[in-house]
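Here, each number is a calculation from the coordinates, and none is a lab measurement. The shown structure was predicted, so the numbers you read here are calculated from the model rather than taken from an experiment. FYI the Cβ positions are ideal-geometry reconstructions off the backbone, even for glycines, and counts take in every protein chain you see.
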Amino acid sequence: MPGLAGRMSTVVKSKISRMLDRAEDPGETLDYGYQKQVEMLQNVKKGIADVVTAKKRLQMQSSKLEQQVVKLDTQARQALSQGRDDLARMALERKTLAQTELQSLDSQIKELEGQQEQLTANEQKLRTKIEAFRTKKEVIKAQYSAAEAQVKISDAAHGVGEEMADLGLAMQRAEDKTEQMRARASAVEELEEAGTFDDITQLGSGEDDLDRQLKQLTSGAQVDDELAKMRAELGQGGGESPTLEQGKENA
Amino acid sequence: MIVRISGEGQFRLPDEDAARLNELDNRAVAAVEQGDEHGFMELWAQMLDLVARDGNRLADDELEESDVILPPRDVSFEEAQGEFTGEGLIPD
């Protein structure tokens, strides 16, 4: 089959042969196979730990951004009640951008969670297969002649080998994805470091380069809508005018 | 026949399904070659449906080699394209 399945089968089968071909006799196949299986389980554990680390990092960023969203929203209201539409708009632009980042982070966190679950389930399955392989090995040794045993063991080894090869592929794929997310997380961190989500009270007056970029990035319509909504809300209790909160409780 | 969905596990299917699976697979390849993402995704879903409908999951302690290995369920169109340009779903 030259198609999707054929290509996939070829990749996995070539990995199995490479794993199994090193051994000359059935006994060696078993020893080598077992050694490989133990290594594989260690790798899977490490792979799962990597996914968890990546997930935690994204979760931390996500909760930081959530705080910024709340803060920027508050500041926009305060600015508006003081008649500082320019500041309110700036805060809302930042809030919009932070919200967009949040959505993307959250979907990545979900993806990593799925990956973690799948790898954990696969690890369990591989353990069971290794155990079955060991049991089978003893039965084969007791019941069959050397020549017959070789064939039987080879079958069993291919069974467990395929599981290992496939898990190896799944881990590599998980690693690639985690790597992509790591890059993405760094990009968000850079935005943070550049002050993209900082509260507006920490900025000097006047429009800086960042603001110009933000204006291009965030949807003007969305900001306008939100501004109008806030005005309507504030319009009812418009008497008081709290001072613009200073950004000292910088989270 | 035994079919593995990569990253997921093995399923035992009636041998008659081989021809149908092969046909879907060939059409999926054609869709990829034409850059038809929608068509590919549709055919891929049909392949997964076939396995889900006719297949019985192998017990974890069964040691069988698969006759056919399918890519991971969430294979992307880009990954499928990679498979045919020779780069492979997962490089060696």
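Cross-link pairs exceeding 21 Å in C-alpha to C-alpha distance, out of A:Lys55/A:Lys125; A:Lys64/A:Lys229; A:Lys45/A:Lys129; A:Lys110/A:Lys177; A:Lys36/A:Lys137, comprise A:Lys55/A:Lys125; A:Lys64/A:Lys229.
Its residue count N fixes a reference of 2.2 N^0.38 Å for the stretch A:50-182, and the Cα radius of gyration divided by that reference is 1.88.
One decimal place: the segment B:Asn56-B:Gln34 gains 4.6 nm when fully extended, by the rule 0.36 nm per residue minus the C-alpha distance.
Phi-derived couplings, Karplus 6.51 cos²θ - 1.76 cosθ + 1.60 at θ = phi - 60°, listed residue by residue for the stretch A:179-196: 4, 4, 6, 4, 4, 5, 4, 5, 4, 5, 4, 4, 4, 4, 4, 6, x, 4 Hz, with x used for Gly and Pro.
When each of B:His38, A:His158 is scored by the number of other beta-carbon atoms lying within 10 Å, the sequence from fewest to most is B:His38, A:His158. Residue by residue along B:43-56, Cβ atoms of other protein chains within 10 Å of the local Cβ number 0 on average. Loop-located GluC sites (Glu not before Pro) in the stretch B:3-46 (DSSP state other than H, G, I, E, B) with a sparse environment of at most 16 neighbouring Cβ atoms within 10 Å: B:Glu16.
Modelled spin labels at B:Phe77 and B:Met1, positioned 7 Å past Cα toward Cβ, are 2.7 nm from each other.
Between A:Leu41 and B:Ala45, the simple label model (points 7 Å from Cα in the Cβ direction) yields a spacing of 4.0 nm.
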